[in-house]
Every structure is written in C-alpha cells, then in structure tokens.
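> Pasting a structure below so you can have a look.
FYI, it's all coordinate maths here, none of it is from the lab. What you see is a predicted model, and the numbers here were worked out from it, not measured in a lab. Neighbour counts run over all protein chains shown; Cβ positions are idealised from the backbone, glycine included.
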Amino acid sequence: MNLKFKHSGASGDILYAMPAIQKACEIHGKEAILYINVNAPNLGTNPAFKHAYGDVMLNDYAYKMLRPLLMEFDFIYDVLPYRNQKVDYDLDKFRSIGMNLAAYDIKRWYALAFPELTNVNYSERMLHIDTMPSDYIVVNRTERYQNPNIDYTILNDLEETIYFTGSTAEYSIFSQKVNCKYLAVENFLDLARIINNSKLFIGNQSMNFAIAESLKCRRALEICYYAPNVIPAGGDYYELWNTEGLINAIKL
C-alpha cells in the first residue's frame, strides 16, 4: 500500500513539503499518494498583499498546472484532489503548532509538526530533469514578498536574453523597468525545464523559486524583509538583500 498525504496549501508550500514526504516514504518503505485540497480558503493574514489565486490557496487551474510537475518526483505514486480520504500525514498540521509562519524556513515547518521527519538532507536535489546548455536568464517577481532594496534595472546592462515568468499583471509591472520577454508555459513541469536550463534564475519567495530550489539549479533569492521564511540549501545559490547582491549574482 502507498503512504497517503494531504495538503491544503499553495503550490509553493506543496513543493516545499517534498523533502518531508520523501523522508516519510523512506521511513515506511512506500511511495506517496498526495491529496491536494483544491479551492481551500486562502489562509493569508495580510489583505494588503494580493494572493495569486484570490480567495483560495490553489484553484482548479493551478492544480492542473501543478500535477505534471509533482508526478516527476521519484517517490510520488499519484497526485489527486482531496475528497475527505483517510490519510497517514495531514501536512496542514504545521499551521496549528504555533509556529511563526513569517519566519524560519518553509521546508522545515513539516519536521516541526512531525518530529520523525527530521534529519532531512535539504541540500539534496529533489527534481531530476535533463539540463541543456542555454544563454538566457529567467526572472520571476510576484506582487507579494518584494524587497525594495533591490534595483532590477541593472539587468538592462546584460547581453543575455531575460525571460519573465509569472502572471501577465506581474510582467506588466516588471517590464516597465526591465527589458524582458514574457514566458508562457503549458504547465509547471514545462516551467521547471525552462528554469533548470537557464544560466540563472532570479526570483522572490514564490512557487517559481520553490521549483528552482527543488532543482538546485543556479538561483538567486530576493529575500522578503517582512517574511523571510525561505532559506536556500545546496547547489549554486545567492541570497539577495540589496542591489549589490544582485550585481554579484549576475556576474556570469
């Protein structure tokens, strides 16, 4: 039998749960069935910052985009909508343990909720996608979790092609300052392939960076000053607090 998990969070939270799910599978010697609670209410606490899917954590469209990517993890047997199935691990438990969810590290929250899921090697590559040489940079910047200390206009000095991934609204804002091309994808597995093959991925604390973190590709994280809850581990990464950090990261 498979080990069954439930998650009601956003796509990034689900991706950051992958190390914990893998650890549980190793302990029990089983593969995972992941039930996603589609259209669960948005649990964000600050209405000033727009959530990608409005009043829900993950809508039907996002589920369809995310499922092909989740199926690429070696230990995942299947990904299905949650319909009150009985599960072995309710991964939503991290929300009820009293943890400050604006701090620490998202991927480590699950070990706090389930102590047996400790001693995880967070530096290990979770997604295995073939790498093809490329000459482009990928940027994602959501409307939430921004750091005003970073001036992205310095990217205009680069010779490399810059692609922007995210919503068209986010692209409209970013492209007013940075010369870039909009990148449309069929699903998030397609997005992961593009991020994996880039010379550098630059992003703030979003699902896109969670993909880059799973790949351990060359990546730069824009750290949010009011909710620094993502900590990169493993591979070639940069942590950006100001423009100087971005300049260091783009020295290709």
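> Please identify every one of the trypsin sites (Lys or Arg not before Pro) in the range 132-209 that sits in a loop by DSSP and has no more than 13 other beta carbons within 10 Å of its own beta carbon.
On the way: sites: ARG141, ARG144, LYS177, LYS181, ARG193, LYS199; in loops: ARG141, ARG144, LYS177, LYS199.
The qualifying sites are LYS177.
> For the Cα atoms of the chain, what angle does the longest principal axis make with the long axis of helix 188-197, in degrees from 0 to 90, nearest 10?
Between the helix axis and the principal axis of the chain, the angle is about 50 degrees.
> From the list (i) 40.8, 132; (ii) 17.6, 55; (iii) 18.4, 61, can you say which value of Rg and Dmax of the Cα atoms in Å was derived from the structure given?
(ii)
> In this model, which of LYS6/LYS107; LYS23/LYS64; LYS64/LYS181; LYS199/LYS251; LYS30/LYS86 are farther than 18 Å apart at the alpha-carbon? Working shown, then result.
Numbers: LYS6/LYS107 16 Å; LYS23/LYS64 25 Å; LYS64/LYS181 25 Å; LYS199/LYS251 11 Å; LYS30/LYS86 16 Å.
Flagged as over cut-off: LYS23/LYS64; LYS64/LYS181.
> To continue, here is another question. Can you give the angle from 0 to 90° between the axis of helix 60-70 and the longest principal axis of the chain, with both taken from C-alpha atoms, to the nearest 10?
Result, in degrees: 90.
> Given the DSSP H assignment, sum -39500 (n - 2.57) over each helix run of at least 4 residues in the chain and divide by its residue total; what's the result at 222 nm in deg cm²/dmol, nearest 500?
-7500 deg cm²/dmol
> Where does each of PHE114, PHE209, PHE94, PHE5 land when they are ranked from fewest to most other beta-carbon atoms within 10 angstrom?
Going from sparsest to densest Cβ surroundings: PHE114, PHE94, PHE5, PHE209.
> I would also like to ask the following. Computed FRET efficiency, Cβ-Cβ of THR131 and ASN248, R0 22 Å: what is it to the nearest 0.05?
That pair, THR131 with ASN248, gives E of 0.45.
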